[in-house]
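A short worksheet on the structure shown next.
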Amino acid sequence: MASRTKGTRGGAPPPGDVDDEEEVDALYKKPLADFTRARDELAKRLRQAGDKGASDRVKALRRPTAAAWTLNQLARRYPQRMEALLDAGERLREAQRGALGPGGAQGLKDASQEHRAIVNELLRAAPALFAEGGYREKGNPMDRLRDSLLATPTASPSDLELLARGRLSGELEPGDLSDMLGLLRGRPSERPAEAGTGRGSKGAKAEAPSRRRGRAAKEPPERQKRAGEEREGRRGAKERESAAEEREREGQRAAKEREREKQRATREREQKTKLAAERRERRERLAAEQRQQKAQLTAAERERDQASREASRAAKEADRLTREAARMSRAAEESEEAARTARKRADEAERRAAEAQQKAADGASRLEAAEDRLDRLGR
């Protein structure tokens, strides 16, 4: 069955073209945002080492799409589940080939359910990988990833090899179903007629073996052949109709599953949007509280600085007043000492003045006595 990928056709070189497979393999393990830079660095290093061919092949490696990168990571991180998916895809292909055989419809249904169960299991691990890969492409990534996983039964061996190795650069697309449809067209039945059943096409009345043999003996061989072909055609039409109805039911189930996935994705987006809004609100509230706390801290610091300056001025004023009081105290003490000395001097002057007055009085008395003596002597 032919299949193709959006990014592998004409993109990644066949495995083994590049000598250092480990380094090439490491490119597909890196985060999606680092792929181009790491690829160019490896190509440059190979060119500098003289391996131009390997350098050109590495340079030709295409950056995986987000869905292809996620497919690669699923293959690398869940290798057992991816191997189970590929095995289930092979069983589904076999069931599709044998859909017209005995029990084919039930086998096809069982294989389809098994394959879809593994697809859904891998899809549940995808959202975390999309977030890790930083999905930035248009469209719903889950739809593209689901389509690729569902396409594994019709993919070519080379595409499945790239998927198993985790080296896809584009999503898988549903392959060409023309050969499968050929299996479902009116081919001769592989089931031989059961002896004794007497059944022709579904719903026809049973005929006794002797009567059928007698009629066959009377009919020309060409008419017998035509009758057989008509019976086979009716049987094939019924079986094709049944297979088509099963495919339609499977398509409806797939559509319902896709719708459920879309609804889940919508709920997840709404939940993420709600959580993001709550986180944004918390951040804004915390930022407002921090701004308020910062403003309060700034005001407290200003008050502290103002109080510190006022305390410093008060301390300086107290020191000045202390020095002034000491000076005045010394001046008062000096004034008291000067007053005591002045009082002593005044007392001494008063004493001397009294003595001088006494001496003057004594002199006057002696003068008066002398004048009296002179008067007496003159007379």
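The values are calculated or read from the model by the stated rules, or taken from the named source; none is laboratory data. What you see is a predicted model, and the numbers here were worked out from it, not measured in a lab. Please note: Cβ atoms are built from the backbone with ideal geometry, for glycine as well, and neighbour counts cover all protein chains shown.
A few remarks follow.
- Residue identified as over 19 Å from S156 (Cα atoms), at pLDDT 95 or above and acidic (D, E) among D51, D40, D56: D40
- A111 without any contact (Cβ under 8 Å) to a residue 60 or more places away in the chain and either in a loop (DSSP other than H, G, I, E, B) or closer than 23 Å to R37 by Cβ (or both): no
- A33 surrounded by 15 or more Cβ atoms within 10 Å (Cβ to Cβ) and in a helix (DSSP H, G or I): no
- Check on E137, at pLDDT 90 or above, touching a helix residue (DSSP H, G or I) at 6+ places or on another chain (Cβ under 8 Å) and not polar (S, T, N, Q): no
- Residue in the range 94-112 that is surrounded by fewer than 18 Cβ atoms within 10 Å (Cβ to Cβ) and either in contact with a strand residue (DSSP E or B) (Cβ under 9 Å, 6 or more places away or on another chain) or under 26 Å from F130 (Cβ atoms) (or both) present: no
- Residues in the range 36-87 that are under 30 Å from I118 (Cβ atoms) and not in a helix (DSSP H, G or I): L61, R62, R63, P64, T65, Y78.
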